[in-house]
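Accompanying notes for the structure given below.
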Amino acid sequence: MYGTVANAIMWFITSLGVASEVLFQLIPWSLGLSPTVDVGLARTLFSWTLHAIVYFWLFPAYIAFYTLMPKQAGGKLLSDQMARVAFIMLLVFSVPIGFHHLYMDPFQAAGWKFLHMTGTFMVAVPTLITGFTVIGSMEIAGRLRGGKGLFGWIGKLPWGNPMVLATGLAMLMLTFGGFGGVINASYSMNAMVHNTQWIPGHFHLIFAGTTVIMYMAIAYYLWPKMTGKELHSRALAVKQLWLWTIGMLVLTLPWQQLGMDGQPRRISSTPYDPELVEKWIIPEFAMIVGGVILLISAIMLIWNLMKTHGNATPVAIPEVEYAEPVHPIARMPRLMNGFGFWFWLVVVYMIASYGYPILQFFLMDTFGTVPWSI
Ligand SMILES: [Cu+2]
């Protein structure tokens with residue numbers, strides 16, 4: 001509930017940017033009420049929404065890491081408080097940093113972009129906390145199951161359980177994806193990858209990889225409880241999750257390579273350079289292979305859930321089992337059990353990082369763009 005409430009508040013704050021753009025710029029423009037649209041203002045408002053909106057999808061994956069996985073692994077959650085801190089930090093840090101989507105745009109000053117860059121790196125902190133707490137919870141489970149030594153607990157984990165396996169694979173993809181994310185976030189390195197295929201390669205790895213694999217594990221966990229029927233095949237689910245990870249890496253790593261080899265992302269036209277295009281053939285072929293693996297994996301998922309629906313065996317444990325923290329909560333500080341304070345902190349942080357950059361458009365001469373007509 002705590003994570004879901006954090007997500008709902010974030011959704012509310014983050015939607016204000018794009019809502020303002022649509023209500024005050026695009027709709028009046030489309031109705032002919034205003035002759036032009038200020039592109040700089042429109043892109044600034046869109047950046048308000050654009051970064052945090054992807055966290056709307058990431059939150060449920062984090063919720064599954066903290067509340068479902070530790071129990072499925074046969075252990076306990078390392079720290080309830082750390083999980084709450086991660087959700088608070090994600091809420092506070094993820095909205096006021098949208099200028100990392102505008103590094104190459106001309107209408108915001110370098111200082112504002114630098115400020116947003118600093119904030120962007122702060123978002124890595126709750127992700128690192130999550131990595132630490134989730135892997136720590138896995139270690140507890142592995143040791144409870146008899147794992148010894150520095151790494152012995154890894155082999156003792158129930159990797160045949162879709163939730164545990166998906167968490168491990170999500171962490172693996174998050175390592176690759178997070179590495180790319182740090183490059184995107186860096187003001188200077190961003191110039192190397194700006195508007196290249198690196199960007200869709202990166203966000204497919206994070207979203208369709210790390211996030212969606214957790215949705216799949218949640219489906220394997222909840223579908224039997226919702227239908228009252230035992231999962232058709234755990235072995236098939238395990239194979240499907242492995243294939244999804246392999247397919248995603250085979251798709252997205254060459255995709256990012258294409259960006260490094262200069263393949264543009266969004267263009268209207270480009271001079272044809274045969275030598276450059278020659279370099280794209282191998283990674284493009286790898287992407288096709290990755291895509292086919294993903295298609296097979298997706299069909300396996302749907303097949304397994306459909307067969308579950310028709311299964312006659314009733315589900316053994318019909319209720320959702322939530323993870324218990326290692327140390328039971330005796331007293332929870334108010335700040336960590338509500339969002340009143342954090343909400344107003346985001347509001348202040350938003351005004352500080354977006355106030356003047358938006359206001360400036362009303363104080364200077366800007367160039368609009370005329371409506372596009374056929
Ligand atoms: Cu972003």
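The values are calculated or read from the model by the stated rules, or taken from the named source; none is laboratory data. Because the structure is predicted, anything quoted here is derived from the model rather than measured. So basically every Cβ, Gly included, is an ideal-geometry build from the backbone, and we count neighbours across all protein chains shown.
A few remarks follow.
- Only a single item in (1) in contact (Cβ under 8 Å) with a residue 40 or more places away in the chain; (2) in a helix (DSSP H, G or I) is not met by residue 323, and it is number (2).
This table checks each residue for (1) in a helix (DSSP H, G or I); (2) more than 16 Å from the ligand (Cβ to nearest atom); (3) touching a Gly at 6+ places or on another chain (Cβ under 7 Å).
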{"site": "120", "(1), (2), (3)": "yes, no, no"}
{"site": "125", "(1), (2), (3)": "yes, no, no"}
{"site": "131", "(1), (2), (3)": "yes, yes, no"}
{"site": "140", "(1), (2), (3)": "yes, yes, yes"}
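- Any hit, the range 282-295, residues being under 29 Å from the mean Cα position of the chain (by Cα), surrounded by 14 or more Cβ atoms within 10 Å (Cβ to Cβ) and modelled with pLDDT under 95: no
- Residue count for the range 9-64 satisfying the condition of being without any contact (Cβ under 8 Å) to a residue 40 or more places away in the chain and charged (D, E, K, R): 1.
- Contact map, the range 92-112: residues that are under 19 Å from residue 198 (Cβ atoms) paired with residues that are away from the ligand (no atom under 16 Å from the Cβ) and part of a helix (DSSP H, G or I), Cβ distance under 6 Å, separation 6+ or inter-chain. No pairs are found.
- Taking the range 340-368 as the range and being farther than 18 Å from residue 114 by Cβ and over 29 Å from the mean Cα position of the chain (by Cα) as the test, the residues that pass are 359, 361, 362, 363, 364, 365, 366, 367, 368.
- Search result, residues across the range 262-310 that are under 25 Å from residue 212 (Cα atoms) and touching a strand residue (DSSP E or B) at 6+ places or on another chain (Cβ under 9 Å): 265, 308, 309, 310
- Qualifying residue in the range 299-313 (condition: surrounded by 11 or more Cβ atoms within 10 Å (Cβ to Cβ) and in a loop (DSSP other than H, G, I, E, B)): yes
- Failed criterion for residue 150 (all others in (1) in a loop (DSSP other than H, G, I, E, B); (2) within 16 Å of the ligand (Cβ to nearest atom); (3) of a type in the set (A, V, I, L, M, F, W, C) hold): (2)
- Unique residue being outside any helix (DSSP H, G or I), crowded, with 18+ Cβ neighbours inside 10 Å and not aromatic (Phe, Trp, Tyr) when the list is 231, 241: 231
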